[in-house]
Amino acid sequence: MTSRNSNRGLNIGHRVILTMILCLFVLAVLNATGRKDRKKKTQDERVYLLHSDELKYDLYGPNPSAQIVKGNVAFRHKGAFLNCDSAYFYQASNSVRAFGHVRFRQGDTLSLVCDRAWYDGQAQMLEARRNVVLKHRGQTLYTDSLNYDRLYEYAYFFNGGRLIDGKNKLSSDWGEYHTNTRMARFNLDVQLQTPENRVSTDTLYYDTRNSRAHVVGQYTTDKGRGKVGPSIIRNKNSTITTTDAFFNTKKDEAEMYGRSTIVDEEKTITADTLFYNSETGQNRGFGNVIYIDNKNKNMLTCGEAEYNEKTGRGYATKKALAIDFSQKDSLYMHADTLRVETFNINTDSVFRKVHCYAKVRAYRADLQAVCDSLVFNSKDSCMTMYKDPIVWNVGRQLLGEEIKVYMNDSTVREAHVLGQALSVEMLPDSTHYNQISSRNMYAYFVDGNIRRSDAVRNVQAIYYPIDDKDSTLIGLNYTETDTMRMYMSPERRLERIWMPKAEGTLYPMTQIPPTRFKLENFAWFDYIRPVDKDDVFNWRGKTQGTEMKKIVRHEAPLQRITAQTEASPAEEPKKEE
């Protein structure tokens, strides 16, 4: 019994000791935490008066709770210094009202000068007034009224201000500047002047670290209701209107969104998204791109376009449509892709090539065309159509292996149809056709009207003479010759035909053989012909079996001198007798 009781007493004693140790440990932890909290709470928040030439109290004056300090006054608060000529120091509220040559300095990156200021140590807010100049790193802000919040590290002005960032100058009625992120925001009558551009807007965000500006639309009123209008960016040669744009003022590059427009003298480009870089000369547009050249009276619409000003190369795709409105009737031309190349750029001998491919379709009221690809060369003003080209003019159809059209400004000077040339003219009765087939054809124009047409090599022709009195068909004239030259009047009437030698037959209308109504290679592709400007987007190819036959041209025989492998008779050795 005695040993058991003694053991139990020993166990109880151990438990009591362990409990006391745990309590002491908890108290030690709590005390340490309390000391840390007290240390944190007792962190020095006071504004210190470092120096003044004169200090006094005026218990009966307007500021009985203030210490009046004068002459070389200096304060310190949480690593920042405030200097001035004189001040009211409110030690109880931890604040200062400073006057005369006020200078505020925080670290080695931020400084501020003004005529007078109020500093609240509790809120860490500095209110600077009159002739305020804030300098932070490489930026300088000028204003008359500025508040600087040290706690959230940003300054804002509300009575007009001007920010200088290198060669860039930015002004507005209201603005704010964040010293930690170095981001600035400006509102109301914002003007940004760079070496290249001048921006006018209502809201602008500016990143001083990389001189990148974000321009948004201007707020305007319309019949008492507010709305967002476009901001305006002007430079030496162009004017930009946009509601959402980013541009780098150092590199002179821009990203424009929200349906922006660039007007460069007589050229205008509009798109949902535009990119511009003056260093590389690269320009890109996306989303309903519209380019208008009022000088040359043409325009381009597409879903995507790119052009480099320095190389003169570019392309347009996604429902690309080129429109020429230099004539009475506009010409509409569509291709899957339009591509431009410039040669000898920035010289007197500069010229360009425009490539259109594939599925090219063109429409004008008096002219339509279809081909697989097309190339226009400004050097000789020649437009070449490749792979099954077809051209329609009123009731006439022209086709061949290749068609070349030479322009004189915006009017046709001459046209060449090369290889399997075929001209078909549908007569007013829509039943009979005048037809000419030859190896090549050449047409010459004056003031846009055809005046002479030449058919050369293997010419076959079907022509229906018409009675001038009642406009009835006299018969069918079938002719074969080597060359046929036709002269037209300005009204496109046939004046005369010249042939060196011809064989032909005139059939009365009632005696025309069935095989003579159409030439062997006759084709009428009216179902392919574009019917209006919207139909250029609808590709229709030739039906199977009507494609143009490929003709392999015979090459001229080449003479070849073979190496002599056997001795000539004169060199044969004499036989011994």
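Global dimensions of the range 235-352 from alpha-carbon coordinates: Rg and Dmax equal 14.5, 46 Å.
Once the Cα atoms are used to define both axes, helix 2-41 deviates from the longest principal axis of the chain by about 70 degrees.
For the pair Thr109 and Lys78, label points projected 7 Å from Cα toward Cβ lie 1.7 nm apart. A 1.4 Å probe run over the chain, with the rest of the protein chains in place, finds 60 Å² accessible per residue. For the chain, the mean projected area of the C-alpha convex hull, equal to one quarter of the hull surface, is 79.2 nm². Residues of the range 300-331 falling in the label zone of Ala365, defined by backbone nitrogen less than 18 Å from a point 7 Å along Cα to beta-carbon, are 323-331. Phi angles across the range 141-154 convert, under the Karplus curve 6.51 cos²θ - 1.76 cosθ + 1.60 with θ = phi - 60°, into 3J(HN,Hα) values of 10, 10, 6, 9, 9, 9, 10, 10, 9, 6, 5, 9, 6, 8 Hz, Gly and Pro given as x. Over the range 289-332, the pair-distance histogram of Cα-Cα distances with 10 Å bins from zero comes to 27, 49, 22, 1 percent, rounded to whole numbers.
Charge tally around Tyr257: other residues with Cβ under 9 Å, Lys/Arg +1 each, Asp/Glu -1 each, net -2. Between Ile290 and Arg413, the modelled labels are 3.4 nm apart [label points 7 Å from Cα along Cα→Cβ]. Largest first and in whole Å, the equivalent-ellipsoid semi-axes of the range 364-503 read 26, 17, 15, each the square root of five times a Cα gyration tensor eigenvalue.
Here the average projected area of the convex hull drawn through the C-alpha atoms of the range 470-539 stands at 8.2 nm².
Estimate the FRET efficiency between Ser278 and Gln327 by the formula 1/(1 + (r/R0)^6), using the beta-carbon distance for r and 41 Å for R0, to the nearest 0.05.
Using R0 = 41 Å, I get an efficiency of 0.70.
Given DSSP loops and a limit of at most 12 other Cβ atoms within 10 Å, what is the longest stretch of the chain that contains no such chymotrypsin sites (Phe, Trp or Tyr not before Pro)?
Working: sites that count: Tyr60, Tyr152, Tyr527.
That gives 153-526 as the longest site-free run.
Counted by Cβ distance under 13 Å from Arg492, the other residues give a net charge of -1, where Lys and Arg count +1 and Asp and Glu count -1. Taking 0.36 nm per residue of sequence separation and removing the Cα-Cα distance, the Asn131/Arg496 pair yields an extension gain of 122.3 nm. Distance from the Cα centroid of the range 137-154 to that of the range 274-309 is 41 Å (rounded to whole angstrom).
Global size of the range 140-221: 12.1, 37 Å for Rg and Dmax (C-alpha atoms, Rg to one decimal, Dmax whole).
Just to confirm a number: summing +1 for Lys and Arg and -1 for Asp and Glu over residues other than Gln282 whose beta-carbon lies under 15 angstrom from that of Gln282, what do you get? Net charge around Gln282: -3. The alpha carbons of the range 326-392 stretch over 37, 28, 18 Å along the principal axes, in descending order.
Our helix-only sum for the chain, with -39,500 (n - 2.57) per DSSP H run of n ≥ 4 divided by its residues, gives a mean residue ellipticity at 222 nm of -2500 deg cm²/dmol.
The values are calculated or read from the model by the stated rules, or taken from the named source; none is laboratory data. All values reported here derive from a predicted model rather than from experimental measurement. We place every Cβ from the backbone using ideal geometry, glycine too, and count neighbours over all the protein chains shown. Quick note on the areas: whole protein, heavy atoms, side chains included, nothing else; ligands and nucleic acids left out. Shrake-Rupley method; radii C 1.70, N 1.55, O 1.52, S 1.80 Å.
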